[in-house]
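J.: Got a structure here, written out as structure tokens. Questions coming.
The values are calculated or read from the model by the stated rules, or taken from the named source; none is laboratory data. As the structure is a computational prediction, the values presented were derived from the model and not from experiment. Here the Cβ is made from the backbone with ideal geometry for all residues, glycine too, and neighbour counts use every protein chain on show.
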Amino acid sequence: MSRLEILKTYKIYIGGQFPRTESGRFYSPLDKKGKPLGNICLSSRKDVRNAIVAARKAFGSWSERAAFNRGQILYRIAEMLEGRKEQFISELIQQGSTKKNAEEEVNLSIDRIVYYAGWCDKYQQVLSSVNPVASSHFNFSVLEPTGVVGILAPQNTSLIGLVSIMLPVICGGNTCVVIASENLPLCAVTFAEVLNSSDVPGGVVNILTGTNKELNETLSTHMDVNAIVYGGDDLEALKQIQENAVLNVKRVFSYSKDWSKADSQDLYMISDTQEIKTTWHPIENIGGSSSSY
Amino acid sequence: MATKKKNTEQGIDWNYSPSLESTSHLKLKKKYDLFIDGEWVKPSSGKYFKTVNPANEEVIAEIAYGNQEDVDKAVKAARKAYTDVWSIMPPAERAKYIFRIARLMQERARELAVAETLDAGKTIRESRDIDVPLACNYFFYYAGWADKLEYAFPNRKVESLGVAGQIIPWNFPLLMAAWKIAPALATGNTVVLKPAETTPLTALILAEIIEESGLPAGVVNIVTGHGDTGAAIVNHPDIDKIAFTGSTNVGKIIQKALAGTSKKLTLELGGKSANIIFDDAPIDQAVEGIVNGIFFNQGHVCCAGSRLYVQESVAELVIQKLKSRMDSLYLGNPLDKNTDIGAINSKEQLETIHKYIKIGKQEGAEMYQPKCSIPTKGFYCAPTLFINVAQSSVIAQEEIFGPVLTIQTFRTVDEVIQKANNSPFGLAAGVWTDKGSRIFNLSSKLRAGVIWANTYNKFDPTSPFGGYKESGFGREGGLHGLNSYVKLS
């Protein structure tokens, strides 16, 4: 008799843990042949709130880590993903991709993680400045992460879209709550497992599955979310998010790119979720000596 | 071999048990050939030289003595690798090779640390905690730049130079190899590197790592040898760039040799860096900073804080505390984790240091050395300080490159700026004060490439390093370090 396969229970990812949704609900997105992909968690507003609490808790230590250390951890994500390539390829195929496209998508995702791993200890040097003010002050501006970022992953891809808009956010020291693609959620859930084994501290990335309609509202109205990154293409939904953002002046960024392109990655996606901090410091100005040697 | 020490201030006898780092996991070859075009090849002269452990004068291994013919072979391999593979490889793929090297180095970190200590005489604490991790980090850091160069030079087209010839010193053998190789590779150049004759081991282990990483053959070539080997690199017509770290004298010879050629040059040369203590400085931390500034790596540091300037009102206290701290330093076997001061790198260098100590005494300065037992085998020098030194004194003007500190005093900010800048060198300076505005005053007026405020001898891959004046030109580290290896158009 042939061996019976063990089926995977798809969970959500909050604060480094893998619970099912607190609501106990599920939904069943279908593959191209109309077969259910699985019983995916239909996350609730409470799950979103829990995830935001976890993200806020993780923000202090993640943002204060040495940039170099964040780079090492991001690189470790790439190492872990490389080792689990086959699983992602088969999930992409299950969700309707061809084998070739699936392979390309996973390879590009790995390389994109390495790209942002490299940026961790470099964007500051490129974008910060020493400002030549006229008074006797040393004046400089540095970038600091915005805080907790809500991410609405692109709907039309399962992995590369998620990776492309999430990595710049955590590269810059933010923490985030991600709502996965509603109809292609498998890779997001499995990617949480990769993150969990990559030295990424719990709470830095939280990943929920469910319907955008229900979750966008809670995420974009929440008073402890500092920014929203929108990867979808529903302009009505985006408008609603932008209006909700007013409540606590969230920064909203919307990207619509073809994420499968090799150059759909850049420095300015990192700087979007950064604040600029300027410091003034007096320079002692006494005596007549000058640096004339 | 822990030496018995007496802390004179507290009257306590300290006696640490020896804590020797094991060498059992280090598998060295008896003989090392040249690493050219991805292969280990015998030197065309058939000659080898010995590399010795300066801590006990035992021979560690025999090293190939590369000559002009070998250098030519290496340059040809580097040129071919540049044209056929490395310069046309997508930058993101180039990055991945460099990341791989960084990871493999991290995996073999302990082995590298022990080899470095054996070959260079530096303490295991230093090679384990500073040299080797930093070397890994420079590779990791520059790896990430490979596919981001257009952000470093906005509005310009960035191209690699071609073949880089790199000559490195014996004070930080592996770290200097990393400072040179990592940015060169990230920017798309290929490399011919010559390690120093007294410390070739870790560069050769790095060659093994590079081999293991699958880096295309010829992208990095390591040619060991002496000064004439280095000269053959400098004078080779098919090299596009020379990067040299070493003495100002040799740097000047290289600058002259390159005059009239189109080779790009960076020089990281000697120093005589001022370490300035103001009366409002936290004195105990400052004393630690003085010790770290001059006795770190036995004073074999181009940016060593070898000229100490103490504000007059606290001079007596600082000198007293400094002497007491020197009394508690452990000198001895570099492999012992208790050791603070290891072996002088070579007999030749020990003689140079002794020569300067003699000059200092002849010039009438007052010398202090703690009483410590000097091992009978190996090359060692007790930590030394000179008080009542004149600004014009030879020991205050010339680079000694050993654990020898000169102390002068000052009264005003203006005075110390003038004194500190009164040097042909301009590599680094230290400033110790509680007052932030004073730090920025000093850091804008001191003519040196690196200013350390309330710290000393700090290095980081993101932080540019290099000197003003006769300490050389060009920067290593950070975004600015890329500039040394690119052509902008």
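J.: Going residue by residue through region B:58-76, is there one that turns out to be surrounded by fewer than 14 Cβ atoms within 10 Å (Cβ to Cβ) and either among the hydrophobic types (A, V, I, L, M, F, W, C) or farther than 15 Å from B:I239 by Cα (or both)?
T.: Yes, region B:58-76 contains at least one residue that is surrounded by fewer than 14 Cβ atoms within 10 Å (Cβ to Cβ) and either among the hydrophobic types (A, V, I, L, M, F, W, C) or farther than 15 Å from B:I239 by Cα (or both).
J.: Could I ask something else about it? Can you tell me which residue within region A:142-181, out of those that are under 12 Å from A:F59 (Cα atoms) and part of a loop (DSSP other than H, G, I, E, B), is nearest to the chain's Cα centre (by Cα)?
T.: If we take residues in region A:142-181 being under 12 Å from A:F59 (Cα atoms) and part of a loop (DSSP other than H, G, I, E, B), then A:N174 is nearest to the chain's Cα centre (by Cα).
J.: I need a count of the residues in region B:465-489 that are within 12 Å of another protein chain (Cβ to nearest Cβ) and hydroxyl-bearing (S, T, Y).
T.: Final tally of qualifying residues: 1.
J.: Something else now. Being within 17 Å of the chain's Cα centre (by Cα), surrounded by fewer than 23 Cβ atoms within 10 Å (Cβ to Cβ) and farther than 24 Å from A:C187 by Cα is the requirement here; does A:S63 meet it? Full working, then the answer.
T.: Values: within 17 Å of the chain's Cα centre (by Cα): yes; surrounded by fewer than 23 Cβ atoms within 10 Å (Cβ to Cβ): yes; farther than 24 Å from A:C187 by Cα: yes.
Answer is yes for this residue.
J.: Of the conditions (1) surrounded by fewer than 22 Cβ atoms within 10 Å (Cβ to Cβ); (2) within 16 Å of the chain's Cα centre (by Cα), A:A117 satisfies every one except a single condition; which number is it?
T.: With (1) surrounded by fewer than 22 Cβ atoms within 10 Å (Cβ to Cβ); (2) within 16 Å of the chain's Cα centre (by Cα) applied to A:A117, the lone miss is (1).
To keep it simple, each residue is scored yes or no on (1) touching a Gly at 6+ places or on another chain (Cβ under 7 Å); (2) farther than 22 Å from B:F295 by Cβ.
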| residue | (1), (2) |
| --- | --- |
| B:G402 | yes, no |
| B:T409 | no, no |
| B:N421 | no, yes |
| B:S437 | no, yes |
| B:V486 | no, yes |
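J.: Looking at B:K5, B:K42, B:K50, can you tell me which residue is in the same structural domain as B:A207 (by TED's automatic domain parsing) and either at pLDDT below 95 or within 25 Å of the chain's Cα centre (by Cα) (or both)?
T.: On the way: B:K5 fails: in the same structural domain as B:A207 (by TED's automatic domain parsing); B:K42 fails: either at pLDDT below 95 or within 25 Å of the chain's Cα centre (by Cα) (or both).
After applying the criteria, what remains is B:K50.
J.: Tell me the residue from B:G364, B:G360 that is assigned by TED's automatic domain parsing to the domain that holds B:A390, surrounded by fewer than 18 Cβ atoms within 10 Å (Cβ to Cβ), of a type in the set (G, A, S) and more than 25 Å from B:S19 (Cβ to Cβ), please.
T.: Values: B:G360 fails: surrounded by fewer than 18 Cβ atoms within 10 Å (Cβ to Cβ).
Selected residue: B:G364, the only one of B:G364, B:G360 that is assigned by TED's automatic domain parsing to the domain that holds B:A390, surrounded by fewer than 18 Cβ atoms within 10 Å (Cβ to Cβ), of a type in the set (G, A, S) and more than 25 Å from B:S19 (Cβ to Cβ).
J.: Now, a different point. Considering only residues that are closer than 18 Å to B:M176 by Cβ and within 11 Å of chain A (Cβ to nearest Cβ), which ones fall in region B:430-464? Before you say what the answer is, go through the steps one by one.
T.: Our first condition is that a residue be closer than 18 Å to B:M176 by Cβ; within region B:430-464, this holds for B:449-450, B:457-464.
Listed by number, the residues that qualify are B:D460, B:P461, B:T462, B:S463, B:P464.
J.: Would you mention how many residues in region B:93-109 are under 17 Å from B:A177 (Cα atoms) and part of a helix (DSSP H, G or I)? Give the steps one after another, and end with the answer.
T.: Start the filter on region B:93-109 by keeping residues that are under 17 Å from B:A177 (Cα atoms), which leaves B:97-106, B:108-109.
Cutting the leftovers down to part of a helix (DSSP H, G or I) gives us B:97-106, B:109.
Matching residues across region B:93-109 total 11.
J.: Looking at A:S129, A:S136 in this structure, which one is within 9 Å of another protein chain (Cβ to nearest Cβ) and surrounded by fewer than 17 Cβ atoms within 10 Å (Cβ to Cβ)? Please lay out each step first, then the result.
T.: Details: A:S129 fails: within 9 Å of another protein chain (Cβ to nearest Cβ).
Answer to the selection: A:S136.
J.: Provide a single number: the residues in region A:222-249 that are without any contact (Cβ under 8 Å) to a residue 40 or more places away in the chain and within 16 Å of A:R56 (Cβ to Cβ).
T.: Looking only at that region, the number is 2.
J.: Also: A:I52: closer than 18 Å to A:G203 by Cα, within 14 Å of chain B (Cβ to nearest Cβ), within 18 Å of the chain's Cα centre (by Cα) and crowded, with 21+ Cβ neighbours inside 10 Å, yes or no? Write out each step before concluding.
T.: Numbers: closer than 18 Å to A:G203 by Cα: yes; within 14 Å of chain B (Cβ to nearest Cβ): no; within 18 Å of the chain's Cα centre (by Cα): yes; crowded, with 21+ Cβ neighbours inside 10 Å: yes.
No, not satisfied.
J.: When you scan region B:141-214 for helices (runs of 4 or more DSSP H) that lie fully inside it, which ones turn up with 3 or more residues that are more than 14 Å from every other protein chain (Cβ to nearest Cβ)? I'd like the intermediate steps shown before the answer.
T.: On the way: elements: B:149-152, B:173-186, B:201-213.
Hits in region B:141-214: B:173-186, B:201-213.
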